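Before any comments, here is the structure.
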Amino acid sequence: MLDLEVVPERSLGNEQWEFALGMPFSQAISILQKHCRIIKNVQVLYSEQTPLSHDLILNLTQDGIKLLFDATNQRLKVIEVYDLSKVKLKYCGVHFNSQAIAPTIEQIDQSFGATHPGVYNPAEQLFHLNFRGLSFSFQLDSWNEAPKYEVCIAGPAPFPIPHGAMVKRMHIYTGNNLQETKYDVNLNNNVAPAMPLACFMGNIFAECVDVLRDGAGPLGLKLRLLTAGSGLSVMADSKVRYLERSIFFGDSCQDVLGALGSPHKIFYKSEDKMKIHSPSPHKQVPSKCNDYFFNYFTLGVDILFDSTTHLVKKFVLHTNYPGHYNFNIYHRCDFKIPLVIKKEGADSQTEECILTTYSKWDQIQELLGHPMEKPVVLHRSSSANNTNPFGSTFCFGLQRMIFEVMQNNHIASVTLYGAPRTTSQARPESSASSH
């Protein structure tokens, strides 16, 4: 049985690890993988058809814990303990829930010092006791007591919580109450807290990525980056810094390393499966060297270099939707891509629209006003296992870009192509500016 420390408005964990509010989804997965002998039977819950309208959830079924991640930025926003019989809990080093200590209202008062009455919710038949960053939901001893609190009111009312009432659920979150963590479409709330300094661990993260382009197609990327110092220690830098970097087609390895730092991984291409779709695949002479990718996992970006010139020839932006073959390899790249749409008519004007990580492909086709060519069907599978439980994706070409589209119409990745400039050509603009 896990023995965990509760820190309101911050975390749930022990001396070895902690689930911290604001933590990226991939870091929570890393904790679970590292401690898989202790934390078993984990479910990943998400909406297959509408992944942005429901939280992304890690359900630790053996331990009675749910980790709720914001569907948009994929950071931890709520920690829920829904079965207190499966876990020991303590606050400031003192247990308030264990096999020997029942989590009654009296015990919670003793451990946390309740200063106000609970709120009774008739629909759930539960009492909610809210602290800043922490709430407890109490169940009545018997259903016979419930009618006492069924009063004719517009909303939940404050009541003294009955003696002996037991905690049914506990939530850790940021803010004054759990309702503040609900996503409001109209306000476009960003309900997950900012990433804690401890989660940076020497990495850089992309807040947003803008695709730079001209009339013909993409030219490069402008990235707004977050970093918390160059060292692993939190004390190396006590605050988050924002940087802006731009990289372009035709940039050298040195340009990219200077702008973004070392990649997490370098991957050498062994074959080009899309070669058959090029105009003259039989005329392409096999290369002695292989093109190679710089993989920046925390940016959600891959950069392909030509093996001969060592200049950038391709960018790949990843959206990290659940239900995709590459899910959880990359952090979500929050990109914006300007699309040029030609309007039919005598004056044949052009119009610009912005495609984002959250756009759906059927909406884009509607804006274009004409059907696309038939897509290339992409079926991924590993060399060791030829099955792919997520099914095929579809690749559409548009304005020197390839959009990989999932079966739910969400975009899985965008590949940007551009003719590399020669070394004598000037760079479109300065590669870096920092704030």
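The values are calculated or read from the model by the stated rules, or taken from the named source; none is laboratory data. What you see is a predicted model; the values in this text were computed from it and never measured. Note: ideal-geometry Cβ built from the backbone for every residue, glycine included; neighbour counts use all protein chains shown. Accessible surface is based on the protein model in full, side chains and every heavy atom, while ligands, DNA and RNA are left aside. Shrake-Rupley method; radii C 1.70, N 1.55, O 1.52, S 1.80 Å.
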message: Within region 102-113, does at least one residue satisfy the condition of being touching a Ser or Thr at 6+ places or on another chain (Cβ under 8 Å), assigned by the TED database to the domain that holds Val7 and in contact (Cβ under 8 Å) with a residue 24 or more places away in the chain?
response: no
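Residues are listed down the side, and each one gets a yes or a no for (1) open to solvent by 10 Å² or more (accessible area, probe 1.4 Å); (2) assigned to a strand (DSSP E or B); (3) in the same structural domain as Pro51 (by the TED database); (4) at pLDDT 95 or above:
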| site | (1), (2), (3), (4) |
| --- | --- |
| Thr298 | yes, no, no, yes |
| Leu304 | no, yes, no, yes |
| Ser307 | yes, no, no, no |
| Val312 | no, yes, no, yes |
| Asn320 | yes, no, no, yes |
| Lys336 | yes, yes, no, yes |
| Leu339 | no, yes, no, no |
statement: The residue from Leu32, Leu45, Leu76 that alone is of a type in the set (A, V, I, L, M), under 30 Å from Phe297 (Cβ atoms) and surrounded by 20 or more Cβ atoms within 10 Å (Cβ to Cβ) is Leu76
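Hey, among Ser262, Ser270, Ser246, which residue is at pLDDT 90 or above, assigned to a loop (DSSP other than H, G, I, E, B) and closer than 28 Å to Asn290 by Cα?
Among Ser262, Ser270, Ser246, only Ser262 is at pLDDT 90 or above, assigned to a loop (DSSP other than H, G, I, E, B) and closer than 28 Å to Asn290 by Cα.
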message: For the condition in contact with a Lys or Arg (Cβ under 9 Å, 6 or more places away or on another chain), in a loop (DSSP other than H, G, I, E, B) and modelled with pLDDT under 95, what is the one hit in Arg380, Arg427?
response: Arg427
message: Scan region 226-242 and tell me whether some residue there is aromatic (Phe, Trp, Tyr) and either at pLDDT 95 or above or not in a strand (DSSP E or B) (or both).
response: no
